[in-house]
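Structure record follows, encoded as structure tokens.
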Amino acid sequence: MTFVKMCGLQDEATVDLAVELGVDAVGFVFAESPRRVSAERAAALRARVPAGILAVGVYVKMSLEEIIATAEAAGLDHVQVHDLRSSDDVRALHDAGLTVIRAVNTGGIEALTDDFGADLLLVDGAVAGAGKTWDWRDRSALPSGRWILAGGLNPDNVEKAITTSGAWGVDVSSGIEAERGVKDPDLMRAFAEAVRRSTAQ
């Protein structure tokens, strides 16, 4: 089964629906964004996520100290960081007891091949969180093994994205929104169904 992360969740109803749909991970955004939540809000939402589903904090342009403190306050064990600088950064997060997803933007093969010792690699489009698709048809330019595809995915293109890219997992946010920052239950259901269809092929 393809690993599915639904990101940018902000309220109880969407967290509950994501859990009902059987996602593997939910994401809470702490970076500047219409989807941003406080650590306190994330903690309340985290309490609704059962064991077996990852609750992931998403960070951009925040210091390691801020990441660690926010994750602790929100009760999160997993962090997705979009601007890790080195393996030392990853080591510091590991030392704090955190599982690390290194998020990179397309455009540099070195960024795709060096995970800095992170636990997972997520490949987004040219601008993190912009919801823009990118060319994932050329597998030679993509990582091997377990990695997560992000950037402009929606119920209409996720099947093709999975089969074409060979990604182990997918991450969606804007593609399941009625408007920026507002999740649409019907689109959430349609996305989950499309991923299931791709897995059944």
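The values are calculated or read from the model by the stated rules, or taken from the named source; none is laboratory data. Since we're looking at a predicted model, the values are computed, not measured. With ideal geometry, Cβ positions are generated from the backbone for all residues, glycine too; neighbour counts draw on all protein chains shown.
Things worth noting here:
- Of the residues making up region 170-196, those that are charged (D, E, K, R), assigned to a helix (DSSP H, G or I) and within 21 Å of L54 (Cα to Cα) are R189, E193, R196.
- Test: residue in region 79-97 that is part of a loop (DSSP other than H, G, I, E, B), farther than 24 Å from A161 by Cα and modelled with pLDDT of 95 or more: yes
- Pairs with Cβ under 9 Å, 6+ apart, first in region 79-97 and in contact (Cβ under 8 Å) with a residue 40 or more places away in the chain, second assigned to a loop (DSSP other than H, G, I, E, B) and loosely packed, with under 14 Cβ neighbours inside 10 Å: H82/K61
- Of the candidates S165, S173, the single residue that is modelled with pLDDT of 95 or more and touching a strand residue (DSSP E or B) at 6+ places or on another chain (Cβ under 7 Å) is S173.
- Sole residue being under 12 Å from the mean Cα position of the chain (by Cα) and not acidic (D, E), chosen from A47, A31, A55: A55
- If you go through region 160-182 and keep only what is closer than 9 Å to L149 by Cβ and charged (D, E, K, R), you end up with just D171.
- Each residue in region 152-183 was checked for being crowded, with 24+ Cβ neighbours inside 10 Å and either at positive phi or of a type in the set (S, T, Y) (or both), and 1 pass.
- Counting residues in region 37-59 that are β-branched (V, I, T) and closer than 15 Å to A118 by Cα gives one or more.
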